[in-house]
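The structure appears right after this line, and notes come after that.
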Amino acid sequence: MAKYIFITGGVVSSLGKGISGASIGKLLQLHGFKVNMIKFDPYINVDPGTMNPYQHGEVFVTTDGAESDLDLGTYERFLDVYTSKANTNTAGDIYKTVITKERRGDYDGATVQVIPHITDEIKRRFAALKDECDISIIEIGGTVGDIEGLPFMEAARQFKLENKAEDILSIHVTLVPYIAGAHELKTKPTQHSVNKLREIGISPDIIICRTEYPLDESLKKKISLFCNVRQDCVVEAMDAASIYYIPEALYNQKVDVVVIEKLNIKPKSKFDKAWFAKIKSLGENNKIVKIAVVGKYADLKDAYKSIDESLNIAASELKAKAEVHYLGAEDKNLISKLKSYDGILVPGGFGNRGIEGKIKAITYARENKIPFFGICLGMQCSVIEAARNLAKLNDANSTEFDETTKYPVIKILDEQKNVKYRGGTMRLGNYKAEIKKNTLAHSLYKATEIEERHRHRYELNPEFVETLEKSGMTVSAYHKKVLPEIVEIKEHSFFIGVQFHPEFGSRPMKAHPIFKGFISAALKNK
Ligand code: GLN
């Protein structure tokens, strides 16, 4: 059974196509289907790894090392699956494949064109995971009408023509705005958006309407008539207190029933309604735990999406609510602001900006025994801090920030020294680490071997481990016995730094052990 659901968006961007798609995927999963989700981003970057988080938000890393869109994190958390390179595609990568083939002479003298060569490559990728699941949900990024999105829409149109119509379902996500002056919800933008889609040759089967107010039946009827979809296929998607409540909101409108009917499939098991109740119970907490995330992008929650989710998931499992604030590392009043938090997290990052502020925040956390969690660059900063202030190696630094430092406690990996191209050349994806017993890391993971996702070029310099350990910072895990993966400070209630990105491993009801330990320590510090 190879079935496909295409998700497109219209009117404006940021409507939550990923969340809508993942919510429908969740419902199908609760009916016993195996679901996979694939993202197509129409931009020319080969992947978002080289993009500024202000443009793109967090770069999500798959286990096999693809740097991808943050929607893949949404897919993983909703569906509790692991994504891979096949789940993430960009126009840049598709063109790269086609151009490489052209240079090799694979096209036998043909003129290489958007149609059919680019569209063929897109269609090949639409079907990439069909043997691994019952239903592939394909999200096309951007908004209908975007010039760069056209080849993807065209490929989706052809794909339906070349497959059985009942194997393919098209869902369009639009906005139904409320116009205050008229006290009215307006359907015209949705009508225009669907017209645009139909011009390309795609007729949506279901329209998901993002709205601030409920859509009454007369509005649904209007959308149904003008957009040529059945009235029961016009779905209201109101903002929810938690994104994980959206599957239930769609279930209450019988979206799963329509999808199952239209794709002509039979549920594989009795619907698992218990998931809704479990998700609800996670949200019923009012004990607040205040966490400060000290990073470069203070006003940009999307840059730390998976960290935010991980903190919330961990708190909810501990019957608390995480109040997460993003503080700029360059803020002059940083330390006085930190006084009102129960835990401090320094996330990953690149470049010099804000480094000294992050280090000061770590000194504050270490000296005042405030639970501390450093991730990747955050861990590297904690090593610099310990080297400077515990081991008294004056001006110790990372060669990322000071190439000539006398004490390069963090240094570039040998294999990274001659890297010419910035994109896709870091230490990326899953690597194993061995954890030492009688350490905080071991008590959290309750395991001696772990595997976590990486995305970095620099590394704790093994030459300094002995000095650091003598002064109070322990290395509690190594990759292949050489590369330090976790550091901790024993004389502290909770102080841990990890070279990898545990935030990609959290799922609702399956909090990551380090995040859970961190929140638990922060709750004790209240
Ligand atoms: N800039 C650091 C490095 O490349 C840390 C990277 C990160 O935090 N993801 O090693």
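The values are calculated or read from the model by the stated rules, or taken from the named source; none is laboratory data. The structure displayed is predicted, hence computed values, not measured ones. Cβ sites come from the backbone with ideal geometry, for glycine too, and all protein chains shown count toward neighbours.
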Study note, to complete from the structure: In region 336-351, anything away from the ligand (no atom under 16 Å from the Cβ) and either of a type in the set (S, T, N, Q) or within 18 Å of A315 (Cα to Cα) (or both) is listed as S336, S340, Y341, D342, G343, I344
Study note, to complete from the structure: Exactly one of I435, I514, I486 is farther than 22 Å from G349 by Cα, touching a helix residue (DSSP H, G or I) at 6+ places or on another chain (Cβ under 7 Å) and β-branched (V, I, T), and that one is I435
Practice item. Tell me, yes or no, whether region 445-455 has at least one residue that is closer than 22 Å to V383 by Cα, at pLDDT 95 or above and not in a strand (DSSP E or B). Key: yes
Review point. Checking L225 against (1) outside any helix (DSSP H, G or I); (2) in contact with a helix residue (DSSP H, G or I) (Cβ under 9 Å, 6 or more places away or on another chain); (3) exposed (fewer than 15 other Cβ atoms within 10 Å of the Cβ); (4) of a type outside the set (K, R), which single condition isn't satisfied?
Key: (1)
Point to revise | Qualifying position, being farther than 27 Å from Y341 by Cβ and more than 12 Å from the ligand (Cβ to nearest atom), among N389, N394 | key: N394
Practice item. For region 458-479, state whether one or more residues are surrounded by fewer than 18 Cβ atoms within 10 Å (Cβ to Cβ) and within 30 Å of the chain's Cα centre (by Cα). Key: no
Review point. Has region 413-427 got any residue that is polar (S, T, N, Q), within 14 Å of the ligand (Cβ to nearest atom), at pLDDT below 95 and surrounded by fewer than 19 Cβ atoms within 10 Å (Cβ to Cβ)?
Key: yes
Study note, to complete from the structure: Taking region 429-444 and keeping only residues that are touching a residue at least 40 places away in the same chain (Cβ under 8 Å) and either crowded, with 19+ Cβ neighbours inside 10 Å or in a loop (DSSP other than H, G, I, E, B) (or both), one is left with G429, A433, I435, K436, T439, L440, A441, L444
Practice item. Would you confirm whether any residue within region 122-130 is on the phi > 0 side of the Ramachandran plot and outside any helix (DSSP H, G or I)? Key: no
Check your understanding: Take the residues of region 365-404 that are hydroxyl-bearing (S, T, Y) and either in contact with a Lys or Arg (Cβ under 9 Å, 6 or more places away or on another chain) or closer than 20 Å to I335 by Cβ (or both): which is surrounded by the fewest Cβ atoms within 10 Å (Cβ to Cβ)?
Key -> T399
Point to revise | Flag for K305 being surrounded by fewer than 16 Cβ atoms within 10 Å (Cβ to Cβ), under 22 Å from G505 (Cα atoms) and either within 25 Å of the chain's Cα centre (by Cα) or modelled with pLDDT under 95 (or both) | key: no
Check your understanding: Going through region 49-76 one residue at a time, which ones are under 14 Å from the mean Cα position of the chain (by Cα), touching a residue at least 40 places away in the same chain (Cβ under 8 Å) and outside any loop (DSSP other than H, G, I, E, B)?
Key -> G49, P53, F60, V61, E67, D71, G73, T74, Y75, E76
Check your understanding: closer than 30 Å to N389 by Cα, away from the ligand (no atom under 16 Å from the Cβ), outside any loop (DSSP other than H, G, I, E, B) and out of contact with any Asp or Glu (no Cβ under 6 Å at 6 or more places or on another chain): does that describe A292?
Key -> yes
**Study point:** Odd one out for S316, checked against (1) hydroxyl-bearing (S, T, Y); (2) touching a Leu at 6+ places or on another chain (Cβ under 7 Å); (3) within 22 Å of K411 (Cβ to Cβ)
**Key:** (3)
**Study point:** Selected residue [aromatic (F, W, Y) and touching a helix residue (DSSP H, G or I) at 6+ places or on another chain (Cβ under 6 Å)] from Y364, Y341
**Key:** Y364
